[in-house]
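Undergrad: Once you've had a glance at the structure underneath, I'll fire off some questions.
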4 protein chains.
Amino acid sequence: MPGLQSEKYGIVIKPNSNSAIDIALRVINILKKYNKEVLVEKESKENYNIIKDVGEFVIDHDPPEKIIVIGGDGTLLRAVMKEKTGNSIIMAIRAGKRGFLLDVEEYEVENRVYDFINNRYTLVEYPRLQLIFNGVNKDCALNDIVIFTSDGSLVRLEAYYNKDRVYNIDGDGVVISTTIGSTAYSLSAGGPIIDPRLNTIILTPLNPVQLHIRPVVFPINGVIDINIKEDSGEYYINIDGQEKVYSRSKSFLEVSLCDKPAKIARFRWWENYYERLFSRLLSYW
Amino acid sequence: MPGLQSEKYGIVIKPNSNSAIDIALRVINILKKYNKEVLVEKESKENYNIIKDVGEFVIDHDPPEKIIVIGGDGTLLRAVMKEKTGNSIIMAIRAGKRGFLLDVEEYEVENRVYDFINNRYTLVEYPRLQLIFNGVNKDCALNDIVIFTSDGSLVRLEAYYNKDRVYNIDGDGVVISTTIGSTAYSLSAGGPIIDPRLNTIILTPLNPVQLHIRPVVFPINGVIDINIKEDSGEYYINIDGQEKVYSRSKSFLEVSLCDKPAKIARFRWWENYYERLFSRLLSYW
Amino acid sequence: MPGLQSEKYGIVIKPNSNSAIDIALRVINILKKYNKEVLVEKESKENYNIIKDVGEFVIDHDPPEKIIVIGGDGTLLRAVMKEKTGNSIIMAIRAGKRGFLLDVEEYEVENRVYDFINNRYTLVEYPRLQLIFNGVNKDCALNDIVIFTSDGSLVRLEAYYNKDRVYNIDGDGVVISTTIGSTAYSLSAGGPIIDPRLNTIILTPLNPVQLHIRPVVFPINGVIDINIKEDSGEYYINIDGQEKVYSRSKSFLEVSLCDKPAKIARFRWWENYYERLFSRLLSYW
Amino acid sequence: MPGLQSEKYGIVIKPNSNSAIDIALRVINILKKYNKEVLVEKESKENYNIIKDVGEFVIDHDPPEKIIVIGGDGTLLRAVMKEKTGNSIIMAIRAGKRGFLLDVEEYEVENRVYDFINNRYTLVEYPRLQLIFNGVNKDCALNDIVIFTSDGSLVRLEAYYNKDRVYNIDGDGVVISTTIGSTAYSLSAGGPIIDPRLNTIILTPLNPVQLHIRPVVFPINGVIDINIKEDSGEYYINIDGQEKVYSRSKSFLEVSLCDKPAKIARFRWWENYYERLFSRLLSYW
């Protein structure tokens, strides 16, 4: 009888974080109380030997349909990247003061997990960016793809949108960001804040010698091409801060909409969005 | 017989400009050669007594269906604002080095006017912004609505999008810009460049004392509310640089999509868009 | 016997401020307790009819040797500007949350006034800027001289330092700031923070169309010349936010070191200077 | 007889540059014509086997009193860094379009070398910065000392001036620049332009998450301390782009005035300084 089969919940936990493991143990208890099967992600489990009596899962291979991520933006970005099926629905609990992408606060964990179990949430599908680097598909990015000098020498590149040349950048590199990534690294680099209801790709130059160039915001359904020039310095490409590719040669990058969005269960994403954003930004002091 | 009725063409000319009147005389000759009825806008005609043997029109009252604007961005913005019916199709010829909104260059006037006569152009409808100031509808803005200190004292306001508070601005004021206006005043004030295929409203704070706030880009189909506080300094509201309202009191502004877009005949708007943009921007030296 | 002659203390109070008048009454009591003669500035006295039984002084004509300013930056800037002799020593008490130039806090008023009476303070002489506008000397500026569009049209000017052309500015105008003014309007406009131990003049362009130009910091012992061009829009010149001159014509401004510095009694100017600066800056929210 | 002893001239040449080697051969001929002894720097000589019949020198060990550098900013920075005695006077010829630090243009090489031989130049002594990294003295920097993320993770540090805490930076790192370095990397990173007559150290944060912090300009005769925190990501320290030190641990950096300035022979450093600066900056396109 299908009704008797217990639903599986996966848990991903930020490493080396007292507050993350504390929250995780609370979450495990709640799930068990409601007779849910709890699986902890293999790496997370290995980080905390306090976790016992629960199964494990490998996120790259067999992710459960519902995953609860506990930690900061990095933990969420890694989970979203490694969950390749694109089918899992992710709930995001913030542990620690940073992490704007995670909307569930520590004090409300019980209520929100209960809501998650009972499917009382808004499913938000976040567009991601697909990078093709020299012809090879890379993992999709939820926040940004960064081309960055690896030794401080000048990265030289040309940026195009839909085959129309935008400008040359000679500098530390460039950020190619999603709308949701606009409040992350791109913002520190001088990029604008984009309202999450607008689907965009943002090009933010990094410390360019061309003093007149500015960030540009494009519709997401186009293609960014980046030609890294022959005389460029060494660089690496950083996908969501999770995956790096080093190179020193002339290269071609093509960035466009990823066919699998990130599926995140939100409980109050829109409530006081900007208040929450700026209070999070001002927590850096 | 309708076929015999000659089509009417209106002409609007930047005042005090040798190059604008030169181009205008060429345009009048071309139109006459093709047996079109030429009407010069009343004010433009009064500025140049060299214009003879043509009729005139008052742009606020009876604009022809096709209008040719010759001048800079200001000439175009004024014509679009005064043409209240929203039915006229406007062709834009640049006279002078500035004026990125005008895509027809002096050297190609003959060919493009011929194309315009023969309806060989792309009709681009640019969204505009409608301001309601303390309950009163104002003229729609193609580029931007600016709230600006009138005496150097601090303008204090709160900005909202769809009733969600974005942030307070205490400074010289704020720019509320369309996508097409993103390359005008908003850009000088630190705003991003928005690709013309994306329909947005941009909020760009003007020299705010809040050092952490940044420009924000919103979808155009929402509502910006600005509450100017009781303790704000004196200010004026500037619509496309064409129309000013002075005030010193607490006020409410509501900005949303205007129901009449600007209709502009484009001949190569997309061809090398960014190359043309940056070469225009670098012409300021 | 000179020893019996009572020393005179002038008091300047921010208008319409409950906290400023409260502090002022406390200060008057302290001074009377120590048998000092208290004079309240004529305008300040007229603003508050609660002030009785004290004499008054006109700051432009006969300023006492010691003046206590109570209010915000504006109150201090006005007092310094109007005290033309350059002989008075000014103590500055902050009333209200803003006002970085004023270093005495409300809670310590008794102790600091007592120190002031007993000459236990550091006398800091702040360089000021002297503007000559079309050949006419203006009042000296402690913070800044701002050239600013009066109607939103483009101000066009050329800036020189020691007769060497720096750059053209086409925009809202320019800020010419002292070191101490670097944390005021210039900072909001994108200028750098200058350590108070460095004597400088800072040129900060205001929203220029020339996207490549940047603030420039010069030694204070040179001369800034500004030529406002014939085709400039209307503008005004604003000295420390206290004094405005409107103009629409071609003009010449010469800015150099004022021969009379501002003399301010400081009690802990250097103690945690940057901590205090940023905590003041972050109080705008 | 001392009068008969021929004066020695050292030559340093940018590698892999047709225009640099062309100029170098011209310079060698001129020097020989005037009976000067020409020595080419060992590394430069090894790069170009076309150079014959001249001696060589090792710049770190026995630099001649007069050195002619031919190339870009990097060539000059390297020569100044490696010339440890601080006694050599350096003439700087620009080969290629970049290189603002080099004031002699290709077309005037003959005249300026002749002037250099005859001591007709202005000797400008540029202050440099001395870094002590975890207690160890490093080579002095003419332009800047940069602390920079080596893997894209957040560098976390605290900056002090004369033991007064300025602010925390969590970001890509920080630039600590001289006045002359203010027009190099610091400028791309948002720092101000400092007039060369002002002796300063500039702190320019690199893409900080603290959105409210700004570049700060200090007098050069003080000490910058940087504490890199225990939880910082990996980073390297880059001195004038010539020398790198990698680290991942908690570190202390102390930066102060180097006891040996760079001695450069200038021929028209002040002539149209800002015109030349901005025309060089606008050559990046």
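Undergrad: For B:ILE264, all conditions in the list (1) without any contact (Cβ under 8 Å) to a residue 60 or more places away in the chain; (2) away from chain D (no Cβ under 14 Å); (3) part of a strand (DSSP E or B) hold save one; what is the number of the exception?
TA: Evaluating B:ILE264 over (1) without any contact (Cβ under 8 Å) to a residue 60 or more places away in the chain; (2) away from chain D (no Cβ under 14 Å); (3) part of a strand (DSSP E or B) leaves (1) as the failure.
Undergrad: Considering only residues of segment B:226-237 that are open to solvent by less than 20 Å² (accessible area, probe 1.4 Å) and not hydrophobic (A, V, I, L, M, F, W, C), which is nearest to the other protein chains (Cβ to nearest Cβ)?
TA: B:TYR236
Undergrad: I would also like to ask the following. What tally of residues in segment B:181-214 results from selecting those that are more than 14 Å from chain D (Cβ to nearest Cβ) and over 12 Å from B:VAL155 (Cα atoms)? Reasoning before the result, please.
TA: Quick first cut of segment B:181-214, residues more than 14 Å from chain D (Cβ to nearest Cβ) only: B:181-189, B:191-204, B:206.
Filter again for over 12 Å from B:VAL155 (Cα atoms), leaving B:181-189, B:191-204.
Total satisfying the criteria: 23.
Undergrad: Restricting the search to segment C:89-107, which residues are in contact (Cβ under 8 Å) with a residue 60 or more places away in the chain, open to solvent by 30 Å² or more (accessible area, probe 1.4 Å) and in a loop (DSSP other than H, G, I, E, B)?
TA: Passing the criteria: C:GLY96, C:LYS97, C:ARG98.
Undergrad: I need the full set of residues from segment D:240-249 which are away from chain A (no Cβ under 14 Å) and either on the phi > 0 side of the Ramachandran plot or open to solvent by 80 Å² or more (accessible area, probe 1.4 Å) (or both), in order please.
TA: Of the residues in segment D:240-249, the ones away from chain A (no Cβ under 14 Å) are D:247-249.
Within segment D:240-249, just D:ARG248 meets the criteria.
A quick yes/no check of all residues on (1) over 25 Å from the mean Cα position of the chain (by Cα); (2) under 30 Å from B:LEU281 (Cα atoms); (3) at pLDDT 95 or above:
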| site | (1), (2), (3) |
| --- | --- |
| C:ARG120 | no, no, yes |
| C:VAL124 | no, no, yes |
| C:PRO127 | no, no, yes |
| C:GLN130 | no, no, yes |
| C:ASP144 | no, yes, yes |
| C:ILE147 | no, yes, yes |
| C:ARG156 | yes, yes, yes |
| C:TYR167 | yes, yes, yes |
| C:ASP172 | no, yes, yes |
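Undergrad: Only one residue in C:ALA262, C:ALA184 is within 17 Å of C:LYS138 (Cβ to Cβ) and among the small types (Gly, Ala, Ser), so which one is that? Write out each step before concluding.
TA: Numbers: C:ALA184 fails: within 17 Å of C:LYS138 (Cβ to Cβ).
Selected residue: C:ALA262, the only one of C:ALA262, C:ALA184 that is within 17 Å of C:LYS138 (Cβ to Cβ) and among the small types (Gly, Ala, Ser).
Undergrad: Taking the condition modelled with pLDDT under 95 and not β-branched (Val, Ile, Thr), does A:GLU271 pass? Let's see the steps before the verdict.
TA: Values: modelled with pLDDT under 95: yes; not β-branched (Val, Ile, Thr): yes.
Against the criterion (modelled with pLDDT under 95 and not β-branched (Val, Ile, Thr)), A:GLU271 qualifies.
Undergrad: Report yes if C:GLU243 is of a type in the set (Asp, Glu) and without any contact (Cβ under 8 Å) to a residue 24 or more places away in the chain, otherwise no.
TA: Numbers: of a type in the set (Asp, Glu): yes; without any contact (Cβ under 8 Å) to a residue 24 or more places away in the chain: no.
Taking the combined requirement at face value, the residue does not satisfy it.
Undergrad: Quick one: is B:SER279 part of a helix (DSSP H, G or I) and either more than 20 Å from B:ARG78 (Cβ to Cβ) or within 14 Å of chain D (Cβ to nearest Cβ) (or both)?
TA: Working: part of a helix (DSSP H, G or I): yes; either more than 20 Å from B:ARG78 (Cβ to Cβ) or within 14 Å of chain D (Cβ to nearest Cβ) (or both): yes.
Taking the combined requirement at face value, the residue satisfies it.
Undergrad: Hey, does segment B:250-259 have a residue that's open to solvent by 10 Å² or more (accessible area, probe 1.4 Å), assigned by TED's automatic domain parsing to the domain that holds B:ASN143 and modelled with pLDDT under 95?
TA: Yes.
Undergrad: Also: So C:ASP103 ticks every box in (1) at pLDDT below 95; (2) over 28 Å from D:ILE202 (Cα atoms) but one. Which box is left unticked?
TA: Every condition holds for C:ASP103 apart from (2).
Undergrad: Kindly indicate whether any position in segment B:108-124 is away from chain A (no Cβ under 13 Å), under 22 Å from A:THR200 (Cβ atoms) and open to solvent by 20 Å² or more (accessible area, probe 1.4 Å).
TA: Taking segment B:108-124 first, the residues away from chain A (no Cβ under 13 Å) are B:108-124.
Checking the rest, the ones that are also under 22 Å from A:THR200 (Cβ atoms) come to B:124.
Next cut, open to solvent by 20 Å² or more (accessible area, probe 1.4 Å) only: B:124.
Within segment B:108-124, one or more residues are away from chain A (no Cβ under 13 Å), under 22 Å from A:THR200 (Cβ atoms) and open to solvent by 20 Å² or more (accessible area, probe 1.4 Å).
Undergrad: Continuing with the same structure: Pairs please, first residue from segment A:57-78 and over 20 Å from A:SER283 (Cβ atoms) and not assigned by TED's automatic domain parsing to the domain that holds A:ASN119, second anywhere and surrounded by fewer than 24 Cβ atoms within 10 Å (Cβ to Cβ) and among the hydroxyl-bearing types (Ser, Thr, Tyr), Cβ atoms under 9 Å, 6+ apart in sequence or on different chains.
TA: none
Undergrad: Among the residues of segment B:11-45, which ones are of a type in the set (Gly, Ala, Ser) and open to solvent by less than 10 Å² (accessible area, probe 1.4 Å)? Write out each step before concluding.
TA: Let us first name the residues in segment B:11-45 that are of a type in the set (Gly, Ala, Ser), namely B:17, B:19-20, B:24, B:44.
Result: B:ALA20, B:ALA24, B:SER44.
Undergrad: If you go through segment B:137-150 one residue at a time, do you hit one that is open to solvent by 40 Å² or more (accessible area, probe 1.4 Å), assigned by TED's automatic domain parsing to the domain that holds B:ASP225 and either out of contact with any strand residue (DSSP E or B) (no Cβ under 9 Å at 6 or more places or on another chain) or β-branched (Val, Ile, Thr) (or both)?
TA: Looking for residues that are open to solvent by 40 Å² or more (accessible area, probe 1.4 Å), assigned by TED's automatic domain parsing to the domain that holds B:ASP225 and either out of contact with any strand residue (DSSP E or B) (no Cβ under 9 Å at 6 or more places or on another chain) or β-branched (Val, Ile, Thr) (or both), one finds none in segment B:137-150, hence no.
Undergrad: Every residue in segment B:139-154 that is assigned to a loop (DSSP other than H, G, I, E, B) and closer than 28 Å to C:LYS244 by Cβ, please.
TA: Taking segment B:139-154 and keeping what is assigned to a loop (DSSP other than H, G, I, E, B), we get B:139-140, B:142-143, B:150-154.
Selection gives B:SER150, B:ASP151, B:GLY152, B:SER153, B:LEU154.
Undergrad: Could you go through segment B:215-222 and let me know if any residue there is within 14 Å of chain D (Cβ to nearest Cβ) and open to solvent by less than 60 Å² (accessible area, probe 1.4 Å).
TA: First pass over segment B:215-222, keeping only residues within 14 Å of chain D (Cβ to nearest Cβ): B:215-216.
Subsequent filtering for residues that are open to solvent by less than 60 Å² (accessible area, probe 1.4 Å) retains B:215-216.
The answer is yes; a qualifying residue exists.
Undergrad: If I ask for residues that are among the small types (Gly, Ala, Ser) and either within 12 Å of chain C (Cβ to nearest Cβ) or out of contact with any helix residue (DSSP H, G or I) (no Cβ under 6 Å at 6 or more places or on another chain) (or both), which ones from segment B:147-180 would you list? Step through it out loud before you land on a result.
TA: Just the residues of segment B:147-180 that are among the small types (Gly, Ala, Ser), to begin with: B:150, B:152-153, B:159, B:171, B:173, B:177.
Once the filter is applied, which keeps residues that are among the small types (Gly, Ala, Ser) and either within 12 Å of chain C (Cβ to nearest Cβ) or out of contact with any helix residue (DSSP H, G or I) (no Cβ under 6 Å at 6 or more places or on another chain) (or both), segment B:147-180 yields B:SER150, B:GLY152, B:SER153, B:ALA159, B:GLY171, B:GLY173.
The values are calculated or read from the model by the stated rules, or taken from the named source; none is laboratory data. Nothing here was measured: the structure is a model prediction, and the numbers come from that model. As a convention, Cβ positions derive from the backbone with ideal geometry for all residues, glycine included, and neighbour counts pool all protein chains shown. For the accessible areas, the whole protein counts, side chains as well, though only heavy atoms, and no ligand, DNA or RNA atoms are used. Shrake-Rupley method; radii C 1.70, N 1.55, O 1.52, S 1.80 Å.
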